[in-house]
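The values are calculated or read from the model by the stated rules, or taken from the named source; none is laboratory data. Here the structure is a predicted model, which means the values were calculated and not measured. For neighbour counting, all protein chains shown are included, and Cβ atoms are generated from backbone atoms with ideal geometry for every residue, glycine included. Accessible surface is based on the protein model in full, side chains and every heavy atom, while ligands, DNA and RNA are left aside. Shrake-Rupley method; radii C 1.70, N 1.55, O 1.52, S 1.80 Å.
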Amino acid sequence: MAKTRKPSNSSLTRRRILAGAFGAGAIAALARIGGGTSFAEETGTGTTEATTTATAAGGTLPIPDRLDPTVEDGVSVFTLQAQTGTNTSLVSGETINTAGYNGTLLGPTMLVSDGEPVRFDVTNSLGEATTVHWHGLHIAPSADGGPQNLIKDGDTWSAATTINQGEACTLWYHPHGLGTTTEQVVLGLAGLLIVDDGSDANAALPTDYGANDVPLIMQSTAVTSAGAFATTNATFTASASTVKFLVNGMSATDETPTLEVAYGRVRLRLLNASITDSITLALTDSGSLTQVASDAGLLAEPISISSLRLSPGERAEIVLDLTAADDAVTLRATVRNTTNGTRYTVSMLTVSSTATEAADNLPGTLNTISDIDATDATTRTFTLSNSGATMLINGIAGTTMEIMDANAVMTTVGAIEQWTITNSSTNIYHNFHLHDVPFQVVSIGGSAPTGANTGWRDTIEVAPSTTVVIKMQFTDYSDNEYMYMLHCHNVIHEDEGMMLGLMVMS
Ligand code: C2O
Ligand code: CU
Ligand code: CU
């Protein structure tokens, strides 16, 4: 196995980083709070800070509330509380334990703008330790919410930054404890963070949250015979388990959610928040989709696609032109497991519009993406592999903080790097997610990227026996104590060890 190459300036010193670590298995069972409210009700309501409420009635798509910040000395303060709940409607006769932020399932959407000073105050009421990571956000390592940012039960943790993204994008937040990410994400701990870059192109796209700018948090999940969300492949596929496809917490498996908008065009912000499955979206009438953003920013221009595949953790934005369609359009999801076997196909959303006037044309140009000059880049190789159920990155299973510390990839702020990532598992799909900065794709299987892979990304699928080359520049933030993470975002694999720390030194 290739070893991580360390920078030559090895006089760099760093403090050991074991404090605050919490290991797999050290976590007590969640405290159970009996709520008994349904998914649909709970995803449509929230705390008093939330102002945009779309109530789910019948088959109407629930839309996560918008969380309005309070303003303290010019800083937008977002208050989140991680809490537990139960659901009794997803599988009849079963009471399923759930969790959410400011509610019992999923979390509210936070909208922020480039240049905005923000603070996230997170209170942990889960009954066990957690962290909250801002997936895709360019933020200092000490505020990134990785495994070192432990929030003990009952504690409040604050992460402050000035939004410094430079891109309009759809990011998300979720737990990131070492060895506990799967069991916490699967309960419903996931929410969206939307960044507005102030660009004309973003403003020309639909931006009225909940009205014509609608998030779709998609989760392929399974409820075991014991009435719990499955956290392993074995329990996911057990014949007694009930597989469900949730959209914003609503089961599309039982009833296709409907969305009616008063606009001719709607922007859908898609997130695959599944623990292990990939999702391929297409229209049931085989019509084309218009994609405007990859997971870390707007594309250079809108692209027309027939389908869109999202591996776990990935986002994309599409726009639907509804006045061009005679009637409602329906999105279908084809869901595949980690060996790419089709699990099921489900009609996940039907969208219709009451508008009669055609929408303005989409902007022809959305973004200027300057190519990173990697001529003198530091190069590294990463091999994703498995030994049975143990998931390895460069031959290492990152399952303890000692291992994360001893094997951290070391770089320096300002460095431009080019990474060659090979999936050497023979039939298991992996993907690769990098914290801190987005990357550009150099090649996939030896070929130049096309379509959405020409845009900024922070997560990319790596098929078996395939090599993906990416390049990035580490800007702005460094720390000699706190690490970023890089890992497979199949969170079962992440928890099994397919994760390394990344230390950006000054
Ligand atoms: Cu979405 Cu390291 O995480
Ligand atoms: Cu991340
Ligand atoms: Cu993987």
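Among the residues of the stretch 331-362, write down those that are touching a Gly at 6+ places or on another chain (Cβ under 7 Å), open to solvent by 60 Å² or more (accessible area, probe 1.4 Å) and of a type in the set (S, T, N, Q). Residues satisfying the conditions do not exist here. Checking GLU496, GLU481 one by one, the residue that is of a type in the set (Asp, Glu), buried (at least 20 other Cβ atoms within 10 Å of the Cβ) and more than 16 Å from ligand 2 (Cβ to nearest atom) is GLU496 and no other. With respect to (1) modelled with pLDDT of 95 or more; (2) more than 16 Å from ligand 1 (Cβ to nearest atom), the lone exception for THR426 is condition (1). Scan the stretch 233-255 and give yes if some residue there is within 18 Å of THR84 (Cβ to Cβ), in the same structural domain as ASP65 (by TED's automatic domain parsing), out of contact with any helix residue (DSSP H, G or I) (no Cβ under 7 Å at 6 or more places or on another chain) and modelled with pLDDT of 95 or more, otherwise no. No, the stretch 233-255 contains no residue that is within 18 Å of THR84 (Cβ to Cβ), in the same structural domain as ASP65 (by TED's automatic domain parsing), out of contact with any helix residue (DSSP H, G or I) (no Cβ under 7 Å at 6 or more places or on another chain) and modelled with pLDDT of 95 or more. The lone criterion from (1) assigned to a strand (DSSP E or B); (2) more than 16 Å from ligand 3 (Cβ to nearest atom) left unmet by HIS433 is number (2).
Within the stretch 181-195, at least one residue is within 16 Å of ligand 2 (Cβ to nearest atom), more than 18 Å from MET110 (Cα to Cα) and not β-branched (Val, Ile, Thr).
Taking (1) among the β-branched types (Val, Ile, Thr); (2) more than 16 Å from ligand 1 (Cβ to nearest atom); (3) outside the structural domain of LEU283 (by TED's automatic domain parsing); (4) open to solvent by less than 20 Å² (accessible area, probe 1.4 Å) in turn, THR365 satisfies each apart from (4). Might you let me know whether the stretch 106-114 holds any residue that is touching a helix residue (DSSP H, G or I) at 6+ places or on another chain (Cβ under 7 Å), in a strand (DSSP E or B) and either under 25 Å from TYR484 (Cβ atoms) or more than 16 Å from ligand 3 (Cβ to nearest atom) (or both)? Yes; the residues of the stretch 106-114 include at least one that is touching a helix residue (DSSP H, G or I) at 6+ places or on another chain (Cβ under 7 Å), in a strand (DSSP E or B) and either under 25 Å from TYR484 (Cβ atoms) or more than 16 Å from ligand 3 (Cβ to nearest atom) (or both).
Evaluate the stretch 201-212: report whether one residue or more is within 20 Å of ALA389 (Cβ to Cβ), open to solvent by less than 50 Å² (accessible area, probe 1.4 Å) and either among the charged types (D, E, K, R) or without any contact (Cβ under 8 Å) to a residue 60 or more places away in the chain (or both). No, the conditions are met nowhere in the stretch 201-212. Tallying residues that are away from ligand 1 (no atom under 16 Å from the Cβ), touching a residue at least 12 places away in the same chain (Cβ under 8 Å) and either under 22 Å from SER278 (Cα atoms) or open to solvent by less than 30 Å² (accessible area, probe 1.4 Å) (or both) within the stretch 378-418 yields 15.
Does ASN480 fit the bill of being touching a residue at least 40 places away in the same chain (Cβ under 8 Å) and closer than 19 Å to ARG309 by Cβ? The answer is no for ASN480.
Pick from THR365, THR375: which is over 26 Å from ALA201 (Cβ atoms), of a type in the set (Val, Ile, Thr) and either within 16 Å of ligand 2 (Cβ to nearest atom) or out of contact with any Phe, Trp or Tyr (no Cβ under 7 Å at 6 or more places or on another chain) (or both)? Criteria check complete, one pass: THR375.
Selection of the stretch 300-330 for residues being within 16 Å of ligand 3 (Cβ to nearest atom) and either open to solvent by less than 40 Å² (accessible area, probe 1.4 Å) or assigned to a loop (DSSP other than H, G, I, E, B) (or both) yields LEU310, SER311, PRO312, GLY313, GLU314.
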